[in-house]
Structures are given as C-alpha cells and as structure tokens.
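Step one of this worksheet: look at the structure below.
The values are calculated or read from the model by the stated rules, or taken from the named source; none is laboratory data. On a predicted model such as this, the values are computed, not experimentally measured, just so you know. Methodologically, a virtual Cβ is constructed for each residue, glycine included, from the backbone with ideal geometry; neighbour enumeration extends over all protein chains shown. Ligands, DNA and RNA are stripped out before the accessible areas are found, and what is left, the full protein with its side chains, is counted by its heavy atoms. Shrake-Rupley method; radii C 1.70, N 1.55, O 1.52, S 1.80 Å.
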Amino acid sequence: MASSPSVKDALGDLNKDSFVSLLSKLIGESKHVQNNPPELIPEEDRIVRHVLDVLLPHSTTTGGGPLIINHVAYHPNRGNLIVEYPGTEPHKILSFVGMHMDVVTANPGDWDFDPFSLGIDGDKLSGRGTTDCLGHVALVTELMKRLGETKPKLKSTVVAVFIASEENSSITGVGVDALVKDGLLNKLKNGPLFWIDTADKQPCIGTGGMLPWKLHATGKLFHSGLAHKAINPLELAMEALKQIQLRFYRDFPPHPKEEVYGFATPSTMKPTQWSYPGGGINQIPKECTISGDVRLTPFYKFDVLILYSDNHFSITDVMKKLQEYVEDLNANIEKLDVRGPVSKYVLPDERLRGRITISYDEAMNGVACNLDSRGFHVLCKATEEAVGHVKPYSITGSLPLIRELQDEGFDVQTAGYGMLPIVDVLNWLHQDSYWEHT
C-alpha cells in the first residue's frame, strides 16, 4: 500500500508570482496602515480585503472550499481575520498568529525609493512592511490558500490569525488583546502557537522586557561665568545616573539562564536621550532630562522577578527599587561626586538643593519560550531542514503581546521564516510521533 504524500509534497512550493502579486497589493496599502495615533490610525481592513480576495473562493462562505473565515472588528475599518482549516481529530490544533496588518511610519523623504510600493530587484523585495509584517501576511495567506486548494487530510486543525494594531498600544481593544478577551482564541491553547513576526531565519526563543524611564534633574539657572552661584542640572543628572546604574547592576546581575537561551546581553539600564529647555551657550540651565530604558531578560519578569534569592517582585516593586535609589540620592545629594572646584549640588546660603525625580512610560514584558515544548522541537527540525542548520537565539529587543499570550496559557513559539519552514512545521506536526506524548 503506497504511503500518503507528506504535507509539504501535497502543498508544493510557494507560488512566487502569486506571493509577489499579493504582497505588491499589500505594500500598496501600507501608507494607509501606518500606526502612530492620533495622527495616523491604520485601516487594517484595507489589508483584510486583499486577503479575503485570495481566500474566500476556497471558503465555506462561498461554498468553494473548506476554509472557515471569521472577520472580527472592534473598531471601524480595523478588523482581524481568523482563518481555519479543519483537521480530522478534535482538540489537535496548531496556529500561526501575529501576522499584523499595521506598519510603522515611513517618511518618503528619508527613503531612496517609494516606501509605499513594492520594489523588486531580483529576489530582493523592499517597501514598508515587507518584513514587518505584510510579507508574513502574504506568506501565510498563500499557505492557507494552498490548504484550501489541495485539501490535504490533516489530523490537526490549522488556524491563521491576522491581527490589527500590533505596532502601537495606545489604542487598546482592537487586536489580539480583544480576541483573547472574547475567548475567540481559546482553542489555540491545545497546541503550539507560532507567532510569525520575527526577522530572522532561526527560532527566536527569548525577548527582553522594556521599562522606559525619564530622570529629571532640577538645579539653579545662572550665568556660566559665575558657576559658583549655579546648581548645574547636567552635572547632577550625570552623576546621579551613574550611581543609579551602579546600583541597578548590583541588584540585577546577569542570570544563569541567559546563557542557556543565548542572550547577547544581560539586563541593562542606560540613557538614550538628553533634553533641556534651551538657552544660550553661556547659561547653565535650571533643569534637564535624561531618558532611557531598562531591558530585562525574561527571567526577571515584570510580574515575578526571579533573583538568585527566593524574593519575588512585581513591576511595581521594580519601579520602587529605582525610586529608592532616587530618594536616597536626594537625601544625600551633597555626597555625589562633583566636577571641579565650584561644582556643587547644594547652595546653603540660599537654602537650595538640587533634586532628581524619575518617571516611567508604558512597560513591556519579555518572554522565554518553553524549550520543552513539542512545538519548539518541531520548529527546530523544520528550520534545520529548510536552512541547513538550527541555532535558536534570544535578544533583549522587545515584542509586544506575546508575553500576555503566554501568561494566558498559550504555548508561544516565535519565528520569521520563508515558505519552507512554515510548511515543514505542518509536515512534522502531521506525523503520529508529534502526538505520542501530547
């Protein structure tokens, strides 16, 4: 008796012309799906319409195929799309999620070509959203189309979730957060969830949390020729930040699991921006602000910070820790190192003391994928077969949304591939061995 063909053989190779044609239409909409409220609010339904043009002919909606399509919108013109290819065995499922239909902004004046149209140079494709993430939208659309066309007999249900509002979280209740809240993704917890929104051909198994901060220093404005009468907030901010960083690295040292996951760096706290109100070059300003971020490896989770001891800290406690540094420095401001014979942070005769304050913007959680997951092992096998080698990596860059999914009980694995690895994942998951111990 002849063996049935593999999923990869049944689906065949990616139809390059079809993929490029769809991607060209999606990139052509990228100007209208830039996400930077309030100026730019994306209309993700512009992308949805092109995806539906491809998939509806193979759907139960039209009677032309097996795909079950659900267009879910919580805001006008800002829809999500859930596409399902039914398997033969209940409770066996795998999903591709995270292909978001919004993009970051692009200023055409900063580009050497039109960012809002697809550029083609041999095998090189360029344009806003080609990688992040309209290219993945097109790729997974083509995958679901092929499933609808070829109708392979799969044990596992395959679900693709194209989402709105990934690039900016200032408007909530639009994308995957709302889908999870309404329970529309609950059944995806029964199998691996592959988040298709990274930018490398290897599995990304860890990302960092991010806590943006602003350190504001207040001194006393005065002419720079009479520096002894001023409190220089620039010098105060620099010296205070140095002490804060030293204490941070003392309290948040490198974690042993960072090596296991392949993080290039441990947790960090550093400045990235300076600002001050302005003034002449001969004027010591009254105030200034240093901005930066904390990047935490996911073993120091914002909700449960796991240190070498048995202590557990919430994100509020992390902020409290930094606040403790600031309060101690304010109480002992005269003990900070100064810069030169007239540099000072206290003017006793005027009863003036320099002061620092710290504030925060919205934090983002990091994630550590489950390395014992069958989904992870399948992803590695698929990568090795398609790329020739597999080397999972981690980075303290941040991805939104995925940690929240993990906390909700989803087995999140992250990838950013071309066609072969995605199809190989399907192939491996279809094998009986995948479900032996599940």
| In this structure, is Glu404 among the acidic types (Asp, Glu) and at pLDDT 90 or above? | no
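If a residue has to be open to solvent by less than 10 Å² (accessible area, probe 1.4 Å) and either small (Gly, Ala, Ser) or in a strand (DSSP E or B) (or both) to count, how many in the range 223-238 make the cut? Talk me through it step by step, then tell me what you get.
We begin by selecting, within the range 223-238, every residue open to solvent by less than 10 Å² (accessible area, probe 1.4 Å); these are 230-231, 233, 236-237.
Those left that are additionally either small (Gly, Ala, Ser) or in a strand (DSSP E or B) (or both): 230-231, 237.
So the answer is 3.
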| task | Could you list, in sequence order, all residues of the range 97-113 that are in contact (Cβ under 8 Å) with a residue 12 or more places away in the chain and either part of a loop (DSSP other than H, G, I, E, B) or open to solvent by 10 Å² or more (accessible area, probe 1.4 Å) (or both)? | result | Met101, Asp102, Val104, Thr105, Ala106, Phe113
| Which fully enclosed strands (runs of 3 or more DSSP E) of the range 137-214 have 1 or more residues being among the small types (Gly, Ala, Ser) and over 19 Å from Ile69 (Cβ atoms)? | 204-207
| remark: Selection from the range 172-189 of residues over 16 Å from the mean Cα position of the chain (by Cα) and buried (at least 17 other Cβ atoms within 10 Å of the Cβ) yields Val174, Ala178, Leu179, Val180, Leu185, Leu188
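So that you can scan it fast, the table gives a plain yes or no per residue for (1) within 30 Å of Glu258 (Cα to Cα); (2) open to solvent by 40 Å² or more (accessible area, probe 1.4 Å):
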| position | (1), (2) |
| --- | --- |
| Glu327 | no, yes |
| Leu347 | no, no |
| Thr357 | no, yes |
| Ser373 | yes, no |
| Gly397 | yes, no |
| Glu404 | yes, yes |
| Phe410 | yes, no |
| field | Cβ-Cβ under 7 Å pairs, at least 6 apart or on other chains, the range 197-222 side within 22 Å of Ser291 (Cα to Cα) and open to solvent by less than 20 Å² (accessible area, probe 1.4 Å), far side in a loop (DSSP other than H, G, I, E, B) and polar (S, T, N, Q) | value | Thr207/Ser398; Gly208/Thr297; Gly208/Thr396; Gly208/Ser398; Gly209/Asn365; Gly209/Ser398; Gly219/Asn232
| In this structure, is Glu84 open to solvent by 30 Å² or more (accessible area, probe 1.4 Å), in contact (Cβ under 8 Å) with a residue 24 or more places away in the chain and within 22 Å of the chain's Cα centre (by Cα)? | no
